[in-house]
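A short worksheet on the structure shown next.
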Amino acid sequence: MIQNFFNLFLKSNCPICQRATSSELCPNCTKQLYKCQINDASVFWKPPVRVFAWGAYGGILKRAIAVMKYEKHPEVGRLFGQWLGQQWLADVPLQSPDRKFVVVPIPIHPEKLKKRGFNQAAVIAKGFCDVTGYHIKEDLLLRVQDTQTMHSLSLFERQKNLTAAFTVKNLHTHPKRVLIIDDIYTTGATASEAVITLNQAGIEVIGVAASAITLKQKY
């Protein structure tokens, strides 16, 4: 009886469906999310921007990402990062995985960070590094323009919106190689602008790892 009482006390609601659960997500939502997983996460690992993605953006995965970002559930992002890391270790797309690199999350503008309370890409990156053991450099890439929300913009409008949106922090030493982490890869406009900025600072970008990808953009 006492144990049942404590089990009930320790349970919280699943942020997606509101069912009681003792985990970040309930078993049913976890099962449904895994149905979104891409069989070969490295199928998009090809020029011009190499992408490693965990799942297909849509359905419950789209809903879960929205819950994470807009309903303030960073624990969901941490879980996504762990899943992404597990998939990376199972299907490393690099020809020489022993070559060193650091993980760099796509930044959000300080004003948006203040409003949201966390950077979803950084949360995912930390979960990814928890599993893979890679080092994260959260302050390398900075967002200097507070760009407008892009889900309703065309590719041209996204590219224009992101021009000069990023800068590299003026550090004494920069890593030579980085892997960019983001929550969603859609048109690739954000990742491409980040790659350009990092390349201009003499930093090689080996690719982008994302929790979700819009499939029609990469096929």
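The values are calculated or read from the model by the stated rules, or taken from the named source; none is laboratory data. It should be emphasised that the depicted structure is a prediction, and the values quoted were computed from it without experimental measurement. Heads up, the Cβs are rebuilt from the backbone with ideal geometry, glycines too, and the neighbour counts pull from every protein chain shown. In case anyone asks, the SASA skips ligands and DNA or RNA and just uses the protein heavy atoms, side chains included. Shrake-Rupley method; radii C 1.70, N 1.55, O 1.52, S 1.80 Å.
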Worksheet item: Applying the selection to the stretch 21-37, what residues are of a type outside the set (S, T, Y) and either modelled with pLDDT under 95 or in a helix (DSSP H, G or I) (or both)?
Response: E24, P27, N28, C29, K31, Q32, L33
Response to the item:
All-but-one check, E138 against (1) modelled with pLDDT of 95 or more; (2) of a type outside the set (A, V, I, L, M, F, W, C); (3) in contact with a Pro (Cβ under 8 Å, 6 or more places away or on another chain), failing number (1)
Practice prompt. For K176, state whether it is open to solvent by 60 Å² or more (accessible area, probe 1.4 Å) and modelled with pLDDT under 95.
Written response: yes
Fill in: Hits in the stretch 46-67 - residues which are in a loop (DSSP other than H, G, I, E, B) and either on the phi > 0 side of the Ramachandran plot or open to solvent by less than 40 Å² (accessible area, probe 1.4 Å) (or both)
V49, G58
Discussion item. Whether any residue in the stretch 185-192 is at pLDDT 95 or above and open to solvent by less than 70 Å² (accessible area, probe 1.4 Å) is what I want to check.
Written reply: yes
